[in-house]
1. Being among the hydroxyl-bearing types (Ser, Thr, Tyr) and surrounded by fewer than 23 Cβ atoms within 10 Å (Cβ to Cβ) is the filter; apply it to the stretch E:31-88 and report the residue that is farthest from F:Leu10 (Cα to Cα).
2. Condition first: over 30 Å from E:Lys110 (Cα atoms), in a helix (DSSP H, G or I) and within 14 Å of chain B (Cβ to nearest Cβ). Can you find one or more residues in the stretch C:164-172 that meet it?
3. Step by step: first the residues of the stretch A:89-108, then only those that are in contact with a helix residue (DSSP H, G or I) (Cβ under 6 Å, 6 or more places away or on another chain) and surrounded by 21 or more Cβ atoms within 10 Å (Cβ to Cβ), then the one that is nearest to D:Thr25 (Cα to Cα). Which residue is that?
4. Among the listed residues B:Cys37, B:Cys82, identify the single one that is modelled with pLDDT of 95 or more, among the hydrophobic types (A, V, I, L, M, F, W, C) and not in a loop (DSSP other than H, G, I, E, B).
5. Identify the single condition in (1) more than 16 Å from the chain's Cα centre (by Cα); (2) β-branched (Val, Ile, Thr); (3) away from chain E (no Cβ under 11 Å) that F:Val60 does not satisfy, given that it satisfies every other one.
6. Kindly check whether there is at least one residue in the stretch D:132-147 that is of a type in the set (Ser, Thr, Tyr), under 30 Å from A:Val66 (Cα atoms), surrounded by 24 or more Cβ atoms within 10 Å (Cβ to Cβ) and within 14 Å of chain F (Cβ to nearest Cβ).
7. Could you list, in sequence order, the residues of the stretch E:122-156 that are at negative phi, part of a loop (DSSP other than H, G, I, E, B) and touching a residue at least 24 places away in the same chain (Cβ under 8 Å)?
8. What are the pairs with Cβ atoms under 7 angstrom where one residue, in the stretch D:68-88, is within 11 Å of chain F (Cβ to nearest Cβ) and the other, located anywhere, is of a type in the set (Lys, Arg) and part of a helix (DSSP H, G or I)? Sequence gap at least six, or different chains.
Protein chains: 6
Amino acid sequence: MTHSKEKTGLSHLDDQGQAKMVDVTAKDETTREAVACGIIRMQPETVRLIQVGGLSKGDVFSVARVAGIMAAKKTWGLIPLCHPLMLTGIDVSFNSNPESGEIALEARVKTVGKTGVEMEALTAVSVAALTIYDMCKAVDREMVIAEIFLQSKQGGRSGTFLRSGFSPSPPSGS
Amino acid sequence: MTHSKEKTGLSHLDDQGQAKMVDVTAKDETTREAVACGIIRMQPETVRLIQVGGLSKGDVFSVARVAGIMAAKKTWGLIPLCHPLMLTGIDVSFNSNPESGEIALEARVKTVGKTGVEMEALTAVSVAALTIYDMCKAVDREMVIAEIFLQSKQGGRSGTFLRSGFSPSPPSGS
Amino acid sequence: MTHSKEKTGLSHLDDQGQAKMVDVTAKDETTREAVACGIIRMQPETVRLIQVGGLSKGDVFSVARVAGIMAAKKTWGLIPLCHPLMLTGIDVSFNSNPESGEIALEARVKTVGKTGVEMEALTAVSVAALTIYDMCKAVDREMVIAEIFLQSKQGGRSGTFLRSGFSPSPPSGS
Amino acid sequence: MTHSKEKTGLSHLDDQGQAKMVDVTAKDETTREAVACGIIRMQPETVRLIQVGGLSKGDVFSVARVAGIMAAKKTWGLIPLCHPLMLTGIDVSFNSNPESGEIALEARVKTVGKTGVEMEALTAVSVAALTIYDMCKAVDREMVIAEIFLQSKQGGRSGTFLRSGFSPSPPSGS
Amino acid sequence: MTHSKEKTGLSHLDDQGQAKMVDVTAKDETTREAVACGIIRMQPETVRLIQVGGLSKGDVFSVARVAGIMAAKKTWGLIPLCHPLMLTGIDVSFNSNPESGEIALEARVKTVGKTGVEMEALTAVSVAALTIYDMCKAVDREMVIAEIFLQSKQGGRSGTFLRSGFSPSPPSGS
Amino acid sequence: MTHSKEKTGLSHLDDQGQAKMVDVTAKDETTREAVACGIIRMQPETVRLIQVGGLSKGDVFSVARVAGIMAAKKTWGLIPLCHPLMLTGIDVSFNSNPESGEIALEARVKTVGKTGVEMEALTAVSVAALTIYDMCKAVDREMVIAEIFLQSKQGGRSGTFLRSGFSPSPPSGS
């Protein structure tokens, strides 16, 4: 068997290419934070419909925000090799642009633990986007969930990561 | 209050813009199917690393496939206003292209029920993509989950939907 | 052993007083609906604080509504002897009264199935009330969740039930 | 936007009235304990039926106790803005009074963590009460779950809270 | 690729040996029942300790019974390729023998659906046995969960199955 | 009432024989590890069918491994009186023997916490075995899940435990 970790570089595969949960027993608990972003593209009219609802009751974003927060907490139950973590802070925000027909999503997740919260932030964005999709699909079936990525992370042995060459306008409320 | 369903067209919002689970009590149970697609972009070298593992043990795709299947079944617990459904078939497949640094994902979901399975197929693709991300993030933090969309749906009162003007090459195994 | 069902009348206990999930295999699937109500009592000032938030963004009630809807779907996983059911409609609404310091909650749940949805409606009210409590507890620790009860049910062999001698003013939005 | 935290005082709403999970990253881990109480009112005859079963097998209380303990552990998955916590102790007890037709419930929950366990104790009481309701509803549909409240809490920055002017007789077994 | 279903005979693997949830969309809904059995072996003294508790309050068996019933309902969330099913009846029973140091477990599960409930019955037995283990492990760490198997199944296209050459004495209460 | 802990020795039962979650608030967090083993017996031909699939794609073991890992993380939600724990490492491995018709399973689980991970390791083995059963049951309904036991544990006040007089050949891949 020659597919050792050294060869593949994939930390979730053991010496024989089999999945395992990486052993983090000996790692220190440090303060960690991750920010993930995403975009959902739709008809400009669909964005406006959300905003009309949003201005009076804000419900599409409210429901999507709650869905994203709850999903972040369940990440370890969705992603097979993720470690359970006790999240200490979750923020999900939206920025809608009816001209371009785009809604930008951002999730910021924090913990004090042995592993990072990148997957939790990415899961929050993904499920918030799916929730927007669900609530709008009756009027727009051609929406696309696009460009979900890690914007930054801090803490842990690998230190700070800041995505290069990509600066989406920061979401600011709805 | 003027944000009636007639005005907003968003079926999940009631007369006052508040979230509710759409009442489908009186709808017939029909056979339904939905296909969702997605792409995850990464370094070409990362695709090759997955394939090396994939050729011998196939584990990245195996784990992501299981994660996608299990997530499809949990969709109603993740997306707040989704109806519970008893899925009768779930397929998740991958098509990797080391030249372009892209992995295409496709999920096909079936049920016999009162509502469609679009969200289940989209959730399967999203969680399978997140799982690939999780398993590769140690070697490639700049991956992007992109272009998650509904390819087609069949069954139900609104009938067949086939996405226009988009024909990704069909995934075919790994 | 003498604690037979005939003697105790409790359908969840078998002939020896042991818990079991009641066998409903042979029951017909019928359309069912249940309405449950509840009240949460707090300082009048706390109700006003919710309303201030509620008028602009509606978030306390939005979050509580989503929590109640999601909890209704999970009832079978919380209440040990409840049967799983595919809910076809869930509504959660609130009526706040700052004079009396009371918020009334109502959940209406529907299904087509072999068992009723009383527990689902009661669970939705309970979790929505707990969510309000959670969001307000920093300013008011003496809140009381009170008077959670079944208002009515329809469908099934036992037919229609309408609670006697109790007519709370119906919740109407927020 | 004027609904700042300063104005509303509700810690779960950010500067624009939107839901977020409060950031507790920087808080110390301390030993925490909370006690919640509740009452479920029913026909005196129903209390006696439970006790008859209870004397021989104790099953209604046994099932409700297990349901309450398991629900306490799932609180963070039910209440959207609750932080995940690793509970270190949970006790659920009952005190039934066939004369008044009342069953008193008490849950005591402990942890060592950054946030309190009030919601966990209240959730344990609520779900235990719902379970009693479920097991008795075939013989008594007019039961009322009443007076769920926080009796006391200890630990954390806000220190000890002891509910004033309310001294229910302490539950003592069944 | 030559590992077709025809060759391997394993219905969960597709033509290329990849996992999938078997498509049961076109199957009829029929009444189904499965009975699974298991044994947990321990020190005879441990069985007696359970019985002493069991005679007065029955709690080890009560807790294990509830755990088994709740786990049966969650089977589709635990076993990756299981179909979700709405169970219509679950019974878990125990038969303890202090002489041999054995506790026999039996779970009987029913549904009306497109797939059988073998896995639900086996999961109920497994989790009930794990719960007994958990509650007794402080006094007996050498317990063994042994001989979990399918005793019988009825309904569905493959008809009735009755395990041959194995007739454990039927559990009868505790 | 005389069934005190002193008398029964069962730490999960309180002074009156009622279930409770043992209070571990004051225990130290220490590094803990547990190894559990199990065997699933089947027709020798079934083992060979798995291996044929296993050699090319490894899917039966891949799916069972993922199922075992995910179940270990959910143990506290399945076993009523288990404490929630943040697992820091999980390994599930298999060793198949077509001559004897046996597949050996082993799960190794680690954490840093106040309670041990025996139940998590045993749950991983049980659910991995159930998953193998599920994937093979179409060709072999007489499989038996046998001999699930704790092989060793380390850490915590009770120190190291190593099962006596039992040395199964260690699993080594598939």
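1. Going residue by residue through the stretch E:31-88, those that are among the hydroxyl-bearing types (Ser, Thr, Tyr) are E:31, E:46, E:56, E:62, E:75, E:88.
Still in the running and surrounded by fewer than 23 Cβ atoms within 10 Å (Cβ to Cβ): E:31, E:56.
On the way: E:Thr31: 41, E:Ser56: 14 Å.
The residue in question is E:Thr31.
2. First, the residues of the stretch C:164-172 that are over 30 Å from E:Lys110 (Cα atoms): C:164-172.
Those left that are additionally in a helix (DSSP H, G or I): none.
No, that holds for no residue.
3. Within the stretch A:89-108, the subset in contact with a helix residue (DSSP H, G or I) (Cβ under 6 Å, 6 or more places away or on another chain) is A:90, A:92, A:94, A:96, A:98, A:101, A:105, A:107.
Imposing the further condition that a residue be surrounded by 21 or more Cβ atoms within 10 Å (Cβ to Cβ) reduces the set to A:90, A:92, A:94, A:96, A:105, A:107.
Working: A:Ile90: 10, A:Val92: 17, A:Phe94: 23, A:Ser96: 29, A:Leu105: 23, A:Ala107: 16 Å.
Here the residue is A:Ile90.
4. Values: B:Cys82 fails: not in a loop (DSSP other than H, G, I, E, B).
Exactly one of B:Cys37, B:Cys82 is modelled with pLDDT of 95 or more, among the hydrophobic types (A, V, I, L, M, F, W, C) and not in a loop (DSSP other than H, G, I, E, B), namely B:Cys37.
5. In the conditions (1) more than 16 Å from the chain's Cα centre (by Cα); (2) β-branched (Val, Ile, Thr); (3) away from chain E (no Cβ under 11 Å), F:Val60 misses (3) alone.
6. To start, the set of residues in the stretch D:132-147 that are of a type in the set (Ser, Thr, Tyr) comprises D:133.
If we keep only those that are under 30 Å from A:Val66 (Cα atoms) too, we end up with D:133.
Now restrict to residues that are surrounded by 24 or more Cβ atoms within 10 Å (Cβ to Cβ): D:133.
Filter once more, so that each one left must be within 14 Å of chain F (Cβ to nearest Cβ): none.
No, the stretch D:132-147 has no match at all.
7. Quick first cut of the stretch E:122-156, residues at negative phi only: E:122-146, E:148-154.
Okay, now just the ones that are also part of a loop (DSSP other than H, G, I, E, B), so E:137-143.
Across the stretch E:122-156, the qualifying residues are E:Val139, E:Asp140, E:Glu142, E:Met143.
8. D:Trp76/A:Lys73; D:Gly77/A:Lys73; D:Pro84/A:Lys73; D:Leu87/D:Lys73
The values are calculated or read from the model by the stated rules, or taken from the named source; none is laboratory data. In this text the structure is predicted, and so the values were computed from the model without any measurement. Virtual Cβ from ideal backbone geometry, glycine too; neighbours counted across all protein chains shown.
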